1. I'd like the FRET efficiency for residue 63 and residue 26, computed as 1/(1 + (r/R0)^6) with the beta carbon distance as r and R0 of 25 Å, rounded to 0.05.
2. When you count, for each residue, the other Cβ atoms within 10 Å and take the mean per peptide, how do 35-44, 67-76 rank with the highest first?
3. Would you kindly state how much longer the chain becomes between residue 14 and residue 75 on full extension, computed as 0.36 nm times their sequence separation minus their alpha carbon distance, in nm to one decimal?
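What follows draws every value from the coordinates through simple rules; no lab data is involved. Fair warning: this is a prediction, and the values are worked out from it, not measured in the lab. As a convention, Cβ positions derive from the backbone with ideal geometry for all residues, glycine included, and neighbour counts pool all protein chains shown.
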Amino acid sequence: MRRIAGLPFALALSLCCLSPPAPARAQLAIGITVNAAPPPLPVYVQPPIPAPGYIWTPGYWAWSDDTGYYWVPRHMGASAGA
């Protein structure tokens, strides 16, 4: 009789072990807001390429939390294939 009394408990325990776990729910949201547009791009003429294998990289405005927008200058550099 003692064996039969423990049978429902053993069946319930085995069903709990065989059931899939509930999926974990996690959510992360990150928002970045800049309230000021960058200054307009300057107008300039691209210089002639000094030799084959060089590429012109135009300047652009970058953002820094400390100083705001700052200008990253343009330059002429060797291309990756050179």
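1. Values: r = 29 Å, r/R0 = 1.18.
Approximately 0.25, to the nearest 0.05.
2. On the way: 35-44: 8.6, 67-76: 11.4.
Packing order, densest peptide first, comes out as 67-76, 35-44.
3. Values: separation 61, 0.36 × 61 = 21.96 nm, distance 6.95 nm.
That pair, residue 14 and residue 75, stretches by 15.0 nm at full extension.
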